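J.: Submitted below is the structure of interest, expressed as C-alpha cells.
None of the figures in this text is laboratory data; all of them are computed from the coordinates on show. Being a predicted model, the structure only gives us computed values, none of them experimental. For neighbour counting, all protein chains shown are included, and Cβ atoms are generated from backbone atoms with ideal geometry for every residue, glycine included.
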Amino acid sequence: MAAPQDARVAVLGAGMHAWGKWGRPFAEYGLAAARDALDDAGLGWRDVQYVSGADTIRNGYPGFVAGATFAQALGWTGVPVSSVYAACASGAVAIANARAQILAGLCDVALVVGADTTPKGFFAPVGGERKDDPDWLRFRLLGATNPTYFALYARRRMDRFGATEEDFAQVKVKNARHGLANPKARYRKEVTVAEVLGSPMVADPLRLLEICATSDGGAALVLSSMDFARRRAGGSTPLVTVDAVSTVTPTFPNAVIEMPNFATDSAAAVEPAPGFRPSIAAAAYAQAGIGPEDVSLAEVYDLSSALELDWYEDIGLCGEGEAEKLLRDGVTALGGRVPVNPSGGLSCFGEAIPAQAIAQVCECVWQLRGSATGRQVEGATVAVTANQGLFGHGSSVLLRR
Amino acid sequence: MAQTRVPAVEGWFTTGEDGTGPALLGSRCAGCGTFAFPAESAFCRNPDCASTSFETVPLSTRGRIWSYTDARYQPPDPYVAADPYEPFCLAAVELAAEKLVVMGQMVGGVTVDDLTVGDEVELVVDTLYAEGECDYLVWKWRPVGAGPVTPGWEG
C-alpha cells in the first residue's frame, strides 16, 4: 500500500461548546461548536464542501444521522454529508472520513462535528430486550458497567507493576490542576490526594473522583487541503496540520478483555498478538514517520485515572511498567517534558462520546498554536491523541505545527 | 413451593443438574481449534481460518484470576438487582487450556479483600435474580476450597 506523498491536511478552525450537563438537544452543541470552528477559520458555512458527523446513539434518529442533523441546523446548502459511529472513537473516524475526502481531491474544505446529550449516572445500554447484543447482556448477566472494565485494568496495574491507589489519585490531582483555566472544561476545581482517596469507592480500586463522568458537549474542526491553506496563508496564527489518523482495529487473538465482551479471544491456536492499545498510536507514528520521542504533548482517554497510566506506555512515552515513575517524576504534568492531558482530560470534561475525540484534537490545535491560555505547553510542536472505542475501535490523531 | 430454575440466557452454560457439574459452553473451531465464549456458530475469529464448522464444548471449570473488582453501586437496567442492593465482586478468569479470559460475578459473600490476582477459582451456577416462581440462573466464580456458598448450585 503506497503512502500518499503528502498525507497532511490543514486545521483551519477548531471550536467547542463548553462541556457540562446542560440538558439541551445535542444538535445545539454541535451547531455552536461548528459556528465557533468556522469563525476560527475565518470561513462561512457556504465555504464548507463536506460535512462529516460523529453519531450519538442515545438521542434518537437525529443522532444516527448526525452529519445531516448538523447540516440541517446550519441550513441545507446541498453539501454532501456522512455520519459515522465508532463508539468513543467516532470523532476520529469522522476526522478520517473528512481527511480522506480532502486527500482524494474530492473537496477542499470539510467540517467535522460531534456532539452529545447524556443521561445521568452509569452509561446503560440502549433500551429494549436485546438478548443478542453483548452490550445489553453484560449488564443483564454480569452487572458489568463501564467502570467494571476500567477497574479490572487498574487492579491488573497494581498487581503487575506495583501501582498504588495514591498513584491513581495523583493522576486526578494533576488533571484537575491542568483543567483549572480551561473555559471549555466542566469541572474546574483543584483536588487533593486526600479528597480523591476520601471519595466513595465505585469499582475497587477506583473511586468516584477517578472515574470519568458523562457530559453534554460539542466539538468541531474545519479541515482543508494543504493547497487551500497555503493560498490563505499569511496570518499570524501558525498553521497546524493533521499528519496522521489511526483508526485501527485489534489483531487476533486479543488477550485483553475489552468492553463490552464477556471473554477475550482464545490464543489456543494462534500466539497472542501484540496488544491492541499499543497498536493505536503506533499506527499514527508510522504514518507520520516520527516517534513518541518527538511528541511535545498528548491528549489521552482517561476514562479512569488508572487508565491514563496505561496510555503512557501504550503511546510509547515510556516502557511497560514505567508509567508510575513518569507520573511521580512530574514528566506528564504541565512544566514536565511531555505533559499529558493539558486540557484537564476526561477528568475535567466528562465524556461526550462523539465529541470527545474531536475535542482532543481541538486542544492539540490550541496548544500547537500557542493559544492555550493558562495551560500552555511551551514550545509545543507535535501533539498526539489516543482513544479507544468499544467493539474494537482505535483512534489516534497526530498533529504538528 | 420450590422455585423453577431457569438459565438467564439460553445455551451459554449447563446447570449440571444431570450430575455432570455446571460448565460454560463455548465453541471449538473444527478448522483451527480456536475456542470462543460465548460460542460462535457462523465464523471463526482467526483471520487465517475460513472454517464454518464448530463444535459446542464445555470449557474448563477452573481457572486463575486475571483481575477482579466489585460493584459498590447498583448497575443500571437491564441488571435486575436485589432489594436492598447487595454489592458483589466480579472476576476475569484465565482458563489455561482454552487460553482465554472470561468474566463472571463472584458468588455472594466474597469481597475484594478475599481476592488476589492468580487465585484459583471454580465455576458454579447460582441465582442471578428471582422473578415470580422462577429463579434465573447464571454462572459465577467461587474461590477453590470454599464451601458451597449458596445452596442448590450442585442441583
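J.: Take peptide A:194-205, look around each residue's Cβ out to 10 angstrom, count Cβ atoms belonging to other protein chains, and average those counts.
T.: 3
J.: Based on Cα coordinates alone, diagonalise the gyration tensor for the protein assembly as shown, multiply each eigenvalue by 5, take square roots, and list the semi-axes in whole Å, largest first.
T.: Working through the eigenvalues yields semi-axes of 42, 25, 23 Å.
J.: Could I ask something else about it? Looking at chain A as a GNM with Cα springs under 10 Å, which of A:Ala115, A:Ala352, A:Ala269 has the largest mean-square fluctuation?
T.: A:Ala269
J.: What does DSSP give for the protein assembly as shown in terms of the percent of beta bridges that are antiparallel, rounded to the nearest 5?
T.: Counting only bridges with both partners in the protein assembly as shown, antiparallel ones make up about 75 percent.
J.: Place the peptides A:28-34, A:361-367, B:37-43 in order of packing, highest mean first, counting for every residue the other Cβ atoms within 10 Å and averaging per peptide.
T.: Those peptides, ordered most packed to least, come out A:361-367, A:28-34, B:37-43.
J.: What is the distance, in nm, between label points placed 7 Å from the Cα along the Cα-to-Cβ direction at A:Thr381 and at B:Asp83?
T.: 6.4 nm
J.: Compare the peptides A:169-181, A:126-138 by average per-residue count of other Cβ atoms within 10 angstrom and give them in order, highest first.
T.: A:169-181, A:126-138
J.: In this model, which of A:Lys21/A:Lys172; A:Lys172/B:Lys140; A:Lys120/A:Lys172; A:Lys120/A:Lys174; A:Lys172/A:Lys325 are farther than 23 Å apart at the alpha-carbon?
T.: In this structure, A:Lys172/B:Lys140; A:Lys120/A:Lys174 lie more than 23 Å apart at Cα.
J.: Hey, rough spin-label estimate for A:Lys120 and B:Asp113, points 7 angstrom out along Cα→Cβ, what's it come to in nanometres?
T.: Between A:Lys120 and B:Asp113, the label points sit 3.2 nm apart.
J.: Which whole number gives the average count of other chain Cβ atoms within 10 Å of the Cβ atoms across peptide B:37-49?
T.: Going residue by residue through B:37-49 and averaging, the value is 3.
J.: Given 0.36 nm per residue, what is the gain on full extension from B:Ala130 to B:Glu17 after removing their alpha carbon distance, in nm?
T.: Extra length from B:Ala130 to B:Glu17 when fully extended: 38.8 nm.
J.: Please compute, for peptide B:18-28, the average count of beta-carbon atoms on other protein chains lying within 10 Å of each residue's beta-carbon.
T.: 1
J.: Could you give the nm distance between label points at A:Glu190 and A:Tyr61, where each point is 7 Å from its Cα heading toward the beta carbon?
T.: 5.2 nm
J.: Okay, moving on. How far, in degrees from 0 to 90, does helix A:305-314 lean away from the longest principal axis of the Cα atoms of chain A, to the nearest 10?
T.: 70 degrees
J.: Another one. Using the beta-carbon distance between A:Ala100 and A:Arg46 and R0 = 30 Å, what value does 1/(1 + (r/R0)^6) give for FRET efficiency, to the nearest 0.05?
T.: Using R0 = 30 Å, I get an efficiency of 0.85.
J.: To the nearest 0.05, how large is the calculated FRET efficiency for A:Lys325 and A:Ala233 if R₀ is 45 Å and r is the Cβ-Cβ distance?
T.: It comes to 0.60.
J.: I want to verify a result. In a Gaussian network model of chain A, Cα cutoff 10 Å, which of these has the top mean-square fluctuation: A:Ile57, A:Ile257, A:Ile353?
T.: Ranking A:Ile57, A:Ile257, A:Ile353 by mean-square fluctuation puts A:Ile257 first.
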